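S.K.: Below you'll find the structure I mean.
The values are calculated or read from the model by the stated rules, or taken from the named source; none is laboratory data. Worth saying up front: this structure is predicted, and the values here are computed from it rather than measured. Quick reminder, even Gly has a Cβ in these numbers, built from the backbone with ideal geometry, and neighbours come from all protein chains shown.
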Amino acid sequence: MKLRKIMMLVLLVSTLASLTLSTKPQLNYLVALNMEAEFMNNGIVRVTLKQHPFDASGRSLLSNRDVISEIMDEEDSTVSLMLLFFTSDPSKAAYHIVSHSKLDEDAHVLCNTGLPGVMDQFEGAVTLTIEIFLNTTSSFARLDNDVYQIAIVDYFTLRDPRSWIDVIDLRFKGDVKLLNFSADPSWSKPPSVANSTRLQWLNTNEADAPDNYVLTLEIPGIVFSSVARRLKAEILGARFSNVSSSLLVNIRNTGDERGFFIVVLSEAGYEQARKINLNPGESAWVRFPIHVEEGEEVTVRVFGDKEQLGEDVLILKTEAPVEFLPINTLVLRSIGLILVMLGVFIIILYLQDMRKEQIPISEAPPPMWNPSS
Amino acid sequence: MLSGKLVAGLVLTIIGVAMMLWSFSIQPQSFRDVDLNITFKEARIEYLERHSYTYVLEQSFLLRNPSNNTVVDLVYMWLPVNASNQFVKLIWTSLTPLYRKSSEDGVEILVYNISLPAGGALWLNATLQLTVEEYRLTMDNTPWLNYSQVRENTGGKRYWAVENQTYLSIAREIGFEARDPVSASRRIGEWILDHLDYQPMWRRGAEQALIIENGRLTVFGDCEEVADVFVTLARILGVRSRVAHGIYLLEDKDVVTMWMRRTDSDFELSDNWGGHAWPQIYVPQVGWVDVELLEGNTVKIGDFSQYHVKYGFEEKNFLGSTMLYCQAMYIETDAYYFIFRRVQS
């Protein structure tokens, strides 16, 4: 069950200034949430979220067009919430939308509306269906051949302790076999349906609802493709400054994509890492404090997308201070431009002289007649 | 035979073109050495000052059932957290909690099962012993995080736009040259203060916090935007950082009372209401270190006053944490009272 419009208070209380911010009156309503997840042969989970809004008295708000359009308009954030049940970072999960948010008059949604221990049934729901590639989620771990663990988190309760998912219905299709499952915290209620093809929890309140669901599944014969390494980088050089006890490392992105690279310096007693974001072809220097003496060995490695892209072993040796050019590139450029202009000017003068020298006599003006001569 | 003028013109032009081409091909080969006065090699971490202040905190919440039926509801009361430089002990609570709950980011919540008749009201009270520490820490030559910490703890979240090109450019400009994570954090803080237009508002996150104002890039917002922008830039540079939420005591008195009450359409706050958010950085060998940018218009890293009370942190949760002091699903909270009585300093 999700409570909307509560953020107004959250934001108000965290404002340091003591002034009172005016707010527009907004409709407070709750949303019943039923989630169905079908685990399929191909390592994909098809997730359908059914939402039904209602007021504090338990009355359905499905006929309230403002509320329904607000729920439908929030499809992007709803998709993120659905992904967050399976992954800690939705931006890295591969998924596609099977069916966009739509009003389904035939759907049923179960929810507790305030009467302890009772699930009410609402008719109709706003439904949204997506398919998620499990191998791109953080919930997914391979335990053995064909055996995988999937950890599902009730993200609603994680974000706001008052919220929870009213019904979670997990189904195992085709050759997918449920080998084991668990839920926590320990005081949460067990599933109302538990067999080899289905697990269903009916959660009447937040205290009874599990926060985490952990499944052990057998998915036979599946080969998950791994994403080809795309980021490439090289260590261009390094420079040790004994004066400032630091090592400068120069990294260049040699691939075709912009991305984050992690430069790792290993010295005795420390491993340090710096993160840099580089465009294709771009290079940058990063600085590390050094904790060992001159003459000792350090290793520099560069990583991208969790993979090592390069490694250099260095003996720390002080170099002469870098002599910077007495003039910077802008001055150099300006002098060059002036020389070019001067050169062109002299060439033009030369060409004008040439032209004067080459004028034929026949084209010379006739001599002026002077009657006095 | 070529004229002298032509030769001179051609030579000058060729030299000029060559100089221009050369200037375009020049890449910076090294940073200039900064912080040249560094003479030590080992990391140096030292508390220059540590002073504890103990309060008895009474937090009271007026609960009301707005419906026409008796309601049995779970009521959640947030507590100040036990964390670095803050120690909390629950002394008494007016009702027995059902259980105590902790979030993955360390938020402490007491959960009560409360029944209220239609229109009924009830005060829910708790008394805590709260010790906060004022400290001043010097940190030199501290190493950056290791590889796994950078990979796992410096990614983006809803409020921290680490892939945003503008933030990436700013981070590069101010942070690549930084020698260690503390100096990088100081540069970030200085940049924020130099570009800040402080305006109280609803939290918008780092993505929306940067605007162009009078042709200049500006951090627009209040303490939450300042914290979000700081955390974003820090994470881009590989510094583990998070947001702390809590209360700032605006008065230095033996007894401080602050409150918030529901009105017909809004909330009324006491003049000294001090909801606050500030960033923290994780420094190896020290742990979480507080960063305050809004106290005295200066960057304070590990220079923390006794006026901060921590109620929660935001680090791992993708969508951020919800900190409501005392809330339920059906029962409403009409008033919030916090009384801090200083008992020892």
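S.K.: Return yes or no: is residue A:276 at the interface with another protein chain (Cβ under 9 Å from one of its Cβ atoms), under 17 Å from residue B:175 (Cα atoms), modelled with pLDDT of 85 or more and touching a strand residue (DSSP E or B) at 6+ places or on another chain (Cβ under 7 Å)?
M.R.: yes
S.K.: Still on this model: Only one of A:186, A:192, A:101 is among the small types (Gly, Ala, Ser) and touching a residue at least 12 places away in the same chain (Cβ under 8 Å). Can you tell me which?
M.R.: Within the list A:186, A:192, A:101, the selection yields A:101.
S.K.: Which pairs do you get when a residue that is more than 10 Å from chain A (Cβ to nearest Cβ) and on the phi < 0 side of the Ramachandran plot, found in the range B:225-247, comes within reach of a residue that is basic (Lys, Arg) and part of a loop (DSSP other than H, G, I, E, B), reach meaning Cβ atoms under 9 angstrom, with the pair 6+ apart or on two chains?
M.R.: Correct list of pairs: B:225/B:203; B:225/B:204; B:228/B:203; B:228/B:204; B:234/B:240; B:242/B:316.
S.K.: Restricting to the range A:177-219, name every residue that is within 12 Å of chain B (Cβ to nearest Cβ), assigned to a loop (DSSP other than H, G, I, E, B) and surrounded by 15 or more Cβ atoms within 10 Å (Cβ to Cβ).
M.R.: Those that are within 12 Å of chain B (Cβ to nearest Cβ), assigned to a loop (DSSP other than H, G, I, E, B) and surrounded by 15 or more Cβ atoms within 10 Å (Cβ to Cβ): A:188, A:204, A:205, A:206, A:207, A:208, A:209, A:211.
S.K.: Can you pull out the residues in the range A:298-314 that are over 32 Å from the mean Cα position of the chain (by Cα) and at pLDDT 90 or above?
M.R.: The answer is A:298, A:313.
S.K.: To continue, here is another question. Kindly state which strands (runs of 3 or more DSSP E) lie completely within the range B:239-345 and contain at least 1 residues that are closer than 30 Å to residue B:168 by Cβ and in contact with a Lys or Arg (Cβ under 8 Å, 6 or more places away or on another chain).
M.R.: Per the criteria, B:241-248, B:275-283, B:287-292, B:308-314.
S.K.: A follow-up question, please. Anything in the range A:124-163 that is of a type in the set (Asp, Glu), more than 21 Å from residue A:73 (Cα to Cα) and touching a residue at least 60 places away in the same chain (Cβ under 8 Å)? List them, or say none.
M.R.: Scanning the range A:124-163 gives A:146, A:154, A:160.
S.K.: Can residue B:173 be described as under 30 Å from residue A:290 (Cβ atoms), surrounded by fewer than 19 Cβ atoms within 10 Å (Cβ to Cβ) and at pLDDT 95 or above?
M.R.: no
S.K.: Against the definition (of a type in the set (Phe, Trp, Tyr) and more than 11 Å from every other protein chain (Cβ to nearest Cβ)), how does residue B:78 come out, yes or no?
M.R.: Taking the combined requirement at face value, the residue does not satisfy it.
S.K.: Here are some residues: B:131, B:142, B:93, B:127. Which one is within 30 Å of residue B:281 (Cα to Cα), touching a strand residue (DSSP E or B) at 6+ places or on another chain (Cβ under 6 Å) and modelled with pLDDT of 95 or more?
M.R.: Residue meeting the stated conditions: B:131.
S.K.: Within the range A:252-283, work out how many residues are in a strand (DSSP E or B) and in contact with a Lys or Arg (Cβ under 9 Å, 6 or more places away or on another chain).
M.R.: Adding up the residues that qualify gives 16.
S.K.: Let me ask something else. Is at least one residue of the range B:17-24 more than 7 Å from chain A (Cβ to nearest Cβ) and either at pLDDT 95 or above or within 30 Å of residue A:241 (Cα to Cα) (or both)?
M.R.: Yes.
S.K.: On the basis of being within 12 Å of chain A (Cβ to nearest Cβ) and either at pLDDT 95 or above or in contact with a Cys (Cβ under 8 Å, 6 or more places away or on another chain) (or both), does residue B:276 make the cut?
M.R.: yes
S.K.: Could you grab me the full set of residues in the range A:284-302 that are at the interface with another protein chain (Cβ under 7 Å from one of its Cβ atoms), surrounded by fewer than 22 Cβ atoms within 10 Å (Cβ to Cβ) and not in a loop (DSSP other than H, G, I, E, B)?
M.R.: Of everything in the range A:284-302, those that are at the interface with another protein chain (Cβ under 7 Å from one of its Cβ atoms), surrounded by fewer than 22 Cβ atoms within 10 Å (Cβ to Cβ) and not in a loop (DSSP other than H, G, I, E, B) turn out to be A:284, A:285.
S.K.: Right, next: Considering only residues that are surrounded by 24 or more Cβ atoms within 10 Å (Cβ to Cβ) and over 15 Å from the mean Cα position of the chain (by Cα), which ones fall in the range B:200-243?
M.R.: The answer is B:236, B:237, B:238.
S.K.: Now for a different question. For the range B:213-234, what are the residues that are over 12 Å from residue B:294 (Cα atoms), of a type in the set (Val, Ile, Thr) and touching a Leu at 6+ places or on another chain (Cβ under 8 Å)?
M.R.: Of everything in the range B:213-234, those that are over 12 Å from residue B:294 (Cα atoms), of a type in the set (Val, Ile, Thr) and touching a Leu at 6+ places or on another chain (Cβ under 8 Å) turn out to be B:218, B:219, B:229.
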